[in-house]
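The block underneath contains the structure these notes are about, expressed in structure tokens.
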Amino acid sequence: MTISGGEKVMRSLLIYVFLIAALRVVGKRELGQANTLDLIVLLLVANAVQNGIIGNDLSVTGALLGAATLFLVNEIFARTTAVWPFASRLLEGSPTMLIEKGKPIRRALHSTGISLSELRATARRQGFVHLGDVHTAILETNGVVTMFKENEPLVYHPAEPGGLRIGKRRRSRG
């Protein structure tokens, strides 16, 4: 290896944290609503950060150390967000209401980068003939848009991560 193991670990950690921050700034849309242009950007970003992680080292050991660091850091962050809701909100954000009481929230659509035509296409994929048939639509933290009919009430629970949940009964902790 041409770069020390410690430097490789530090490079991997820095790139990982940068990518989390960049995806938080760009928004949740990138995750679940990706189009062809988004895919191209993700492929180019992967190529761009490769040398930042492993440097000029083309060894298998260097690649394995960089990959192992990324998996370890990801596992630590995943467990942290599962245990502490504030970490989940910090790293993943919170759900965004896109349609409320049958009306699109234009400010939310604009801030998430989702157009009305994309929202209509999502509604059709979920079995809604018209966007007006959707009572509530939420952009989840994983980038997926979840849509509900009028008879599926949205209940706000501030104690739960994100605070949004469908239904009237609270989940049991078990």
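The values are calculated or read from the model by the stated rules, or taken from the named source; none is laboratory data. Since the structure is predicted, the reported quantities are computational estimates derived from the model, not experimental observations. With ideal geometry, Cβ positions are generated from the backbone for all residues, glycine too; neighbour counts draw on all protein chains shown.
If I ask for residues that are at pLDDT 75 or above, surrounded by 13 or more Cβ atoms within 10 Å (Cβ to Cβ) and farther than 14 Å from Ser94 by Cα, which ones from the stretch 19-40 would you list?
Scanning the stretch 19-40 gives Leu19, Ile20.
Asp57 is checked against (1) touching a Lys or Arg at 6+ places or on another chain (Cβ under 8 Å); (2) charged (D, E, K, R); (3) not assigned by TED's automatic domain parsing to the domain that holds Val17 and fails just one. What number does that condition carry?
(3) is the only condition that Asp57 fails.
Filter the stretch 1-18 for residues that are surrounded by 18 or more Cβ atoms within 10 Å (Cβ to Cβ) and among the polar types (S, T, N, Q) and give the result.
Of everything in the stretch 1-18, just one residue is surrounded by 18 or more Cβ atoms within 10 Å (Cβ to Cβ) and among the polar types (S, T, N, Q), namely Ser12.
Testing Glu160 on (1) among the acidic types (Asp, Glu); (2) closer than 26 Å to Thr81 by Cα; (3) modelled with pLDDT of 85 or more, one condition comes back false. Which one is that?
(3)
Name the residues in the stretch 64-90 that are farther than 30 Å from His135 by Cβ, surrounded by 14 or more Cβ atoms within 10 Å (Cβ to Cβ) and in contact (Cβ under 8 Å) with a residue 40 or more places away in the chain, would you?
Within the stretch 64-90, Leu65, Gly66, Thr69, Leu70, Val73, Phe77 meet the criteria.
Would you call Gly132 assigned to a helix (DSSP H, G or I), farther than 30 Å from Ile3 by Cα, more than 21 Å from the chain's Cα centre (by Cα) and not hydrophobic (A, V, I, L, M, F, W, C)?
yes
Hey, among the residues in the stretch 91-121 that are in contact (Cβ under 8 Å) with a residue 40 or more places away in the chain and within 20 Å of Glu150 (Cα to Cα), which one's farthest from the chain's Cα centre (by Cα)?
The extreme case among them is Gly102.
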